[in-house]
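Q: Structure provided below as structure tokens; questions to follow.
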């Protein structure tokens, strides 16, 4: 493979962990992505209480995009 060195059985270069994703997401024991819901940081005065309550919890994702983020963070997708 061009651009990849094999040095004593180790594939180089290693894939780096995406630090921004690591700070925002967690991987559950079952391999799903756990994240906070967007839209709860600012501009809250015009949002209804019901809408803010529903944004309060965490979300468990298992879609294609979550698999990509798990790979970026160094997990096994």
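Q: Residues being assigned to a loop (DSSP other than H, G, I, E, B), over 13 Å from residue 28 (Cβ atoms) and under 11 Å from the mean Cα position of the chain (by Cα): count how many of those fall in segment 52-76.
A: Of the residues in segment 52-76, 1 are assigned to a loop (DSSP other than H, G, I, E, B), over 13 Å from residue 28 (Cβ atoms) and under 11 Å from the mean Cα position of the chain (by Cα).
Q: Further, regarding this structure: Report, by residue number, each residue of segment 67-77 that is under 17 Å from residue 23 (Cα atoms) and either without any contact (Cβ under 8 Å) to a residue 40 or more places away in the chain or loosely packed, with under 14 Cβ neighbours inside 10 Å (or both). Spell out how you get there, then give the answer.
A: Step one: filter segment 67-77 for residues under 17 Å from residue 23 (Cα atoms), giving 67-75.
If the condition is that a residue be under 17 Å from residue 23 (Cα atoms) and either without any contact (Cβ under 8 Å) to a residue 40 or more places away in the chain or loosely packed, with under 14 Cβ neighbours inside 10 Å (or both), then 67, 68, 71 are the ones that fit.
Q: Could you figure out which of (1) modelled with pLDDT of 90 or more; (2) touching a helix residue (DSSP H, G or I) at 6+ places or on another chain (Cβ under 7 Å) isn't true of residue 77?
A: Among (1) modelled with pLDDT of 90 or more; (2) touching a helix residue (DSSP H, G or I) at 6+ places or on another chain (Cβ under 7 Å), the lone unmet condition for residue 77 is (1).
Q: Against the condition without any contact (Cβ under 8 Å) to a residue 40 or more places away in the chain, out of contact with any helix residue (DSSP H, G or I) (no Cβ under 7 Å at 6 or more places or on another chain), closer than 20 Å to residue 74 by Cα and not in a strand (DSSP E or B), how does residue 29 come out, does it pass? Give the derivation first.
A: Values: without any contact (Cβ under 8 Å) to a residue 40 or more places away in the chain: yes; out of contact with any helix residue (DSSP H, G or I) (no Cβ under 7 Å at 6 or more places or on another chain): yes; closer than 20 Å to residue 74 by Cα: yes; not in a strand (DSSP E or B): yes.
The answer is yes for residue 29.
Q: Quick test of your reading of the structure: residue 15 fulfils all but one of (1) in a loop (DSSP other than H, G, I, E, B); (2) modelled with pLDDT of 90 or more; (3) in contact with a helix residue (DSSP H, G or I) (Cβ under 9 Å, 6 or more places away or on another chain). Name the failing condition by number.
A: With (1) in a loop (DSSP other than H, G, I, E, B); (2) modelled with pLDDT of 90 or more; (3) in contact with a helix residue (DSSP H, G or I) (Cβ under 9 Å, 6 or more places away or on another chain) applied to residue 15, the lone miss is (2).
The values are calculated or read from the model by the stated rules, or taken from the named source; none is laboratory data. Note that the coordinates shown come from a computational prediction; the quantities given were computed from them, not determined experimentally. No Cβ is skipped: glycine too gets one built from the backbone with ideal geometry, and neighbour counts run over all protein chains shown.
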